[in-house]
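Quick notes on the structure that follows.
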Amino acid sequence: MDQEEIKDLILKCWMTHDGMWFARCMEKHGIHSANEINKAAIKSLASIEIQRVRNALGIEKIQEFEELRQLVAGAFDLLTGSFMGFNYSFPEKNILRWEMTKCFAYKGMTRLGAIDRYECGVIYRVASWFDALGLRYTLTPSVRGCLMHTHGFCGGEFHFSF
């Protein structure tokens with residue numbers, strides 16, 4: 001196996017664990033509680049995760065967009081796999097655009113029969129990174145449930161103020 005195949009395998013195992021945890025939580029406590037607990041866990045994880053990535057990449061502080069751009073590119077390179085269908089770009093200064101072409105969470109929640117009540121954890125995780133870094137941003141569109149389910153497409157932009 002090459003390095004990318006190993007990374008994908010590890011990430012698939014991690015995402016399977018995450019999905020199985022969510023499914024068991026939903027079975028025992030219902031979808032509302034599963035969403036609430038999932039978001040609390042994501043928020044806690046994201047603050048630790050983004051600091052670890054920042055340290056690993058040698059980025060001391062995020063004071064301007066170029067530093068954020070380097071951190072985001074490094075984080076996505078480390079923490080996303082090819083199977084996730086996650087694409088991103090920086091079309092203009094202070095803008096991060098994302099698109100999910102084949103969202104693994106959408107597929108999993110659809111299989112569980114919970115897609116109509118699932119609250120997206122993927123974009124919430126990214127937003128939680130920015131919250132942990134103390135960044136000011138707006139998110140368009142607002143992500144409440146699952147955009148793939150409600151709009152047939154998952155994509156949007158983070159607009160940062162520096």
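The values are calculated or read from the model by the stated rules, or taken from the named source; none is laboratory data. Computed from a predicted structure; not experimentally measured. Backbone-built Cβ (ideal geometry, glycine too); neighbour counts: all protein chains shown.
Can you confirm whether residue 1 is modelled with pLDDT of 95 or more and either over 16 Å from the mean Cα position of the chain (by Cα) or not aromatic (Phe, Trp, Tyr) (or both)? Full working, then the answer.
Values: modelled with pLDDT of 95 or more: no; either over 16 Å from the mean Cα position of the chain (by Cα) or not aromatic (Phe, Trp, Tyr) (or both): yes.
When the stated conditions are applied, residue 1 does not pass them.
Please verify whether the stretch 91-102 includes one or more residues that are closer than 19 Å to residue 20 by Cβ and more than 15 Å from the chain's Cα centre (by Cα).
Keep residues of the stretch 91-102 that are closer than 19 Å to residue 20 by Cβ, which gives none.
Taking every residue of the stretch 91-102 in turn, none turns out to be closer than 19 Å to residue 20 by Cβ and more than 15 Å from the chain's Cα centre (by Cα).
Tell me, please, whether a residue that is over 12 Å from residue 100 (Cβ atoms), in contact with a Cys (Cβ under 7 Å, 6 or more places away or on another chain), surrounded by fewer than 19 Cβ atoms within 10 Å (Cβ to Cβ) and not basic (Lys, Arg) can be found in the stretch 146-160.
no
So how many residues does the stretch 118-162 have that are under 20 Å from residue 51 (Cα atoms), in a helix (DSSP H, G or I) and either touching a residue at least 40 places away in the same chain (Cβ under 8 Å) or of a type outside the set (Phe, Trp, Tyr) (or both)?
Counting residues in the stretch 118-162 that are under 20 Å from residue 51 (Cα atoms), in a helix (DSSP H, G or I) and either touching a residue at least 40 places away in the same chain (Cβ under 8 Å) or of a type outside the set (Phe, Trp, Tyr) (or both) gives 10.
Does any residue in the stretch 30-44 that is under 14 Å from residue 145 (Cβ atoms) come within less than 7 Å, Cβ to Cβ, of a residue that is assigned to a helix (DSSP H, G or I) and hydrophobic (A, V, I, L, M, F, W, C) six or more places away or on a different chain, and which pairs are these?
As it stands, the answer is 34/22; 34/25; 34/26; 38/22, since those pairs meet every condition given.
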